[in-house]
Structure formats: C-alpha cells, structure tokens
1. Which of the residues belonging to the range 65-120 are among the hydrophobic types (A, V, I, L, M, F, W, C) and over 28 Å from TRP177 (Cβ atoms)?
2. Among the residues of the range 293-305, is any charged (D, E, K, R), surrounded by 14 or more Cβ atoms within 10 Å (Cβ to Cβ) and within 16 Å of the ligand (Cβ to nearest atom)?
3. Looking only at residues in the range 134-149 that are in contact with an Asp or Glu (Cβ under 9 Å, 6 or more places away or on another chain) and without any contact (Cβ under 8 Å) to a residue 60 or more places away in the chain, which one is nearest to SER70 (Cα to Cα)?
4. What do you reckon, is LEU275 modelled with pLDDT of 90 or more and either of a type outside the set (S, T, N, Q) or within 30 Å of ALA46 (Cβ to Cβ) (or both)?
5. Filter the range 246-270 for residues that are within 16 Å of the ligand (Cβ to nearest atom) and of a type in the set (A, V, I, L, M, F, W, C); which is surrounded by the fewest Cβ atoms within 10 Å (Cβ to Cβ)?
6. Search the range 274-283 for residues being touching a residue at least 12 places away in the same chain (Cβ under 8 Å) and loosely packed, with under 14 Cβ neighbours inside 10 Å, and hand back the single one that is nearest to the ligand (Cβ to nearest atom).
7. Going by the structure shown, is TYR27 modelled with pLDDT under 95, in contact with a His (Cβ under 8 Å, 6 or more places away or on another chain) and of a type in the set (Phe, Trp, Tyr)?
8. With the requirement that a residue be modelled with pLDDT of 85 or more and in a loop (DSSP other than H, G, I, E, B), what does the range 192-228 give you?
Amino acid sequence: MEKPAFLDRDRPDVPDLVVPGGVTPFYLAGRPVRGRLVRLGVLADALLTRHDNPAPVTSLAGKALALVASLASALKFQGSFSLQIKGDGPISMLVADCTDTGALRFYARTDEDALEALLARTPRPMDRDLLGSGYLALTVDQGPDTDRHQGIVDIAGDTLADMATHYFTTSEQHACWLMLSCTMTDAGWRAGGLVLERIAGEGGSHVVDNAEADANWETATILASTLSTAELLDDGLPPAQLLHRLFHEENLHVSQPRALAFGCRCSRARLAEVLQTFPDDDLDHMSEDSGTIVMTCEFCNKDFHFPRKDITADL
Ligand SMILES: [Zn+2]
C-alpha cells in the first residue's frame, strides 16, 4: 500500500550540499571592528540555478543570500535570519533566509514583462531599479515560543549593500560596511560578501578613545574598499589569505570558519498540512480534472503531487 501523504516525512530530492568554510568570521584586535567574509562557492550555483530567473534577478538573489549568510553567522542562538524586500519594481518580492547552522534558501517573484521593459530602457539596472520603492525587513526568528525581532526600513540606496547599510544605521543604529557580489563565472554562479561591523569597545581591557576608534574604523573600511569582485569570488583564493591581504597591518584575527548548506526545509508532510487548511471546494478547484493537486515549494522549486482523495479538509 502506498504511504499516505500525511505520513510521508521525506525530504524532496534537493542537493545535499555543504560548503564547510562558507563564512569566515574575523576581528581586528584592539580596534572596534569585527566582520565576516562570506563565500557561497558551489552552493551559489546550486541554489540559484534551481530557479529559472532572468540573470539580473539571479544576481540580486545571490547578493541577498550572501547578506543573510553574513548576518545569521553572527547569531548567538538557534534560529534564522530572514530578509524580505517588497517593492513596486519588476522584482515585487525577494525573500532569503539563513539559519544559525548556515542553511540557506531564497525565492524571488518577478514580473517578467516589467523586467523586459526595464532592461530595454536600462540594460544594466541597479538593484534599486529592479526593486522599485517599497520596504526591506530583517527578521530574527528564534522558534515558535519566542518573540520575533523585526526591523523594517524603506528601500533606500542604489545597491542591496546600500539598502542594508541604511537599515543598520537607521534601525539598529549600528555602523556597518558591506560589499555584496554575485556574478556568473567560468565555474557557474558565485556569490559572496564582506561585512564589517563597528562594535562598542574592542572586547579587551584596553580602552580606546573615540577619535582613535573613529580612525580605526575608517582605516578598516578604506582597506575593505580595495577588495575587488574578482578576489571576493575567486574559489582559488583561500578566505584567510584574502583577509590577510586586506587587514594584515590591523591586528587581524581570523576565527573558526562556519559552514553554509542547501537549506530548503520543505517536506511533503508540511505541504500536506497546508493543504488541509483549505475548504473542500478550494481543494476540488485545485485538483481540477486530473484528481491531483500540485504544490510547488517556492524555495527549492520542487513540485509535490497530492492525490485529491488523500487530502481531507481539516475544518
Ligand atoms: Zn523546498
């Protein structure tokens, strides 16, 4: 006998991919600076090519993945960090999230006609052109029994890095510097980022005066600005070596790297539970003549087929 949908806890057939050194945290000892270097490596290509998005959408999605990966790796607890952008541009919705263990996923909703019209006017659009006006939200979710922490700001700035910087300066009152990149390379899509955060004090007993701290922060951001996209996305350049190139005169300390992984958390069982919340009329409508309801996980773009007779409205 075939297993009914609600008992099927199977995960979909998605790549079981882990990039062990995906995030490299570091700090500059004696300076109010800590940061993370993020490299999705082969994971970028695996995540991004599961969706048939136009290249500008894929590129922005890759940057969003690098951003949430860099933010989630700073979490000190179990949970996830998610980015949601809603705007009136060709990309009406972009969602990316990353758990504390580095499980990454995303989806984007695009109006293809609007995108085509934009590309006809502006062949190399900025992230702002793709997203339009709207808002950007960052949510920390630590599980069902805890409060969610969410901050929302208007979309401001030309690039996703500018938008995130705007978020941190207004919502979190926290200086940060960001570089995010995603591009097609000879090895497929690659995405990465470098994030610097200004922290209070420098973690030691040595008290740094404000002018000195300001100067240290400025030096770190100037050095970070010398990083090229080619260096950031070069699989052959080890993260520690890249960081050494940038910050070797700034008391660089490289911490234990963290893994990133293919992170869709959908399952047949979860989608069957969603279906059961619909009334019978809707279920009949969804199954049409075939007798089968197709649900697609937006994150991993996997179709799940449910025989209509197996789904009972749970009212
Ligand atoms: Zn999925």
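The values are calculated or read from the model by the stated rules, or taken from the named source; none is laboratory data. Please read these numbers as outputs of a predicted model, since none were measured by experiment. Cβ sites come from the backbone with ideal geometry, for glycine too, and all protein chains shown count toward neighbours.
1. Just the residues of the range 65-120 that are among the hydrophobic types (A, V, I, L, M, F, W, C), to begin with: 65-69, 71-72, 74-75, 77, 81, 83, 85, 91, 93-96, 98, 103-104, 106, 108, 114-115, 117-120.
Of everything in the range 65-120, those that are among the hydrophobic types (A, V, I, L, M, F, W, C) and over 28 Å from TRP177 (Cβ atoms) turn out to be ALA114, LEU115, ALA117, LEU118, LEU119, ALA120.
2. As a first pass, look at the range 293-305 and keep what is charged (D, E, K, R): 298, 302-303.
Those left that are additionally surrounded by 14 or more Cβ atoms within 10 Å (Cβ to Cβ): 298, 302.
Restricting the remaining residues to those that are within 16 Å of the ligand (Cβ to nearest atom) gives 298, 302.
Yes, that holds for at least one residue.
3. THR139
4. Details: modelled with pLDDT of 90 or more: no; either of a type outside the set (S, T, N, Q) or within 30 Å of ALA46 (Cβ to Cβ) (or both): yes.
It is false that LEU275 is modelled with pLDDT of 90 or more and either of a type outside the set (S, T, N, Q) or within 30 Å of ALA46 (Cβ to Cβ) (or both).
5. Quick first cut of the range 246-270, residues within 16 Å of the ligand (Cβ to nearest atom) only: 261-270.
Then keep just the ones that are of a type in the set (A, V, I, L, M, F, W, C); that gives 261-262, 264, 266, 269.
Values: ALA261: 20, PHE262: 18, CYS264: 22, CYS266: 20, ALA269: 14.
Top of the filtered list is ALA269.
6. Within the range 274-283, the subset touching a residue at least 12 places away in the same chain (Cβ under 8 Å) is 274-280, 283.
From the residues that got through so far, the ones that are loosely packed, with under 14 Cβ neighbours inside 10 Å too are 274, 277, 279-280.
Numbers: VAL274: 12, THR277: 18, PRO279: 25, ASP280: 26 Å.
That would be VAL274.
7. Working: modelled with pLDDT under 95: no; in contact with a His (Cβ under 8 Å, 6 or more places away or on another chain): yes; of a type in the set (Phe, Trp, Tyr): yes.
Here the answer is no, as TYR27 does not meet what is asked.
8. If the condition is that a residue be modelled with pLDDT of 85 or more and in a loop (DSSP other than H, G, I, E, B), then ILE199, SER225, THR226, LEU227, SER228 are the ones that fit.
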